[in-house]
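One structure is given here, and the rest of the page talks about it.
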Amino acid sequence: MSARLVLLGPPGAGKGTQAARLAERLGVPAISTGDIFRANIKGGTELGQKVQAITASGALVPDELTNDLVRDRLAQDDVAEGFLLDGYPRNVAQVAALDEILGDRAVDLAVEITADPDVVVGRLLKRAEIEGREDDTEDVIRHRLDVYAEQTAPISAVYADRGLLVQVDGIGEVDEVTERLVAAIGSLAR
């Protein structure tokens, strides 16, 4: 059985941590556009330099660039049995782009991790301190949460209208949240 999942949620909700855990349970790769962008920044690539300039201001990487990145990644052999997308789609236009990329291999489920904004800000400030993420200042974090609410949250409505949305509380111990997610995705988990 293949599993094609989209993982939604505000920055700092625990998507990266939970994506890795869910992907392992499902036996599919976790694909994080953020990780791909950060690897390019660290490597000093042309893409990385463009992305760093954009994200340092708290803005999001343009759709066309992100769509191309996802299209290339979903064409690789390791996604034949499925995938878990973390950080994409992040707006309704990208949902349409993903539909076009996948064709008749539609998404099985969209899983939204919900989290209180103040808890998220605290998490991200702590992560910024630990990981040395210069882009995670409180002002930038709050701006990213506002951008998420405006652009990404409407994706939930699209997937809900399709009957493909489940929401899971992302606050709590990591193992608790993982078990909530596994329960929510049900038969897709092995």
**Message:** Which count do you get for residues in segment 1-51 that are surrounded by fewer than 18 Cβ atoms within 10 Å (Cβ to Cβ), among the polar types (S, T, N, Q) and more than 16 Å from the chain's Cα centre (by Cα)?
**Reply:** 3
**Fill in**
segment 59-171: strands (runs of 3 or more DSSP E) wholly inside it with 1 or more residues that are surrounded by 16 or more Cβ atoms within 10 Å (Cβ to Cβ) and of a type in the set (D, E, K, R) are 82-86, 109-114
**Asked** If you scan segment 26-56, which residues turn out to be touching a residue at least 40 places away in the same chain (Cβ under 8 Å) and not in a helix (DSSP H, G or I)?
**Response** 27, 28, 29, 30, 31, 32
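Yes/no matrix, rows are residues, columns are (1) under 17 Å from the mean Cα position of the chain (by Cα); (2) within 24 Å of residue 27 (Cα to Cα):
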{"residue": "98", "(1), (2)": "yes, yes"}
{"residue": "110", "(1), (2)": "yes, yes"}
{"residue": "128", "(1), (2)": "no, no"}
{"residue": "133", "(1), (2)": "no, no"}
{"residue": "153", "(1), (2)": "yes, no"}
**Message:** Given the criteria assigned to a helix (DSSP H, G or I), surrounded by fewer than 15 Cβ atoms within 10 Å (Cβ to Cβ) and in contact (Cβ under 8 Å) with a residue 24 or more places away in the chain, does residue 175 qualify?
**Reply:** no
**Message:** Out of the residues in segment 178-190 meeting the condition of being in a helix (DSSP H, G or I) and of a type outside the set (A, V, I, L, M, F, W, C), tell me which one is farthest from residue 96 (Cα to Cα).
**Reply:** 179
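None of the figures in this text is laboratory data; all of them are computed from the coordinates on show. The model shown is predicted, which means the values in this text are computed figures rather than measured ones. Virtual Cβ from ideal backbone geometry, glycine too; neighbours counted across all protein chains shown.
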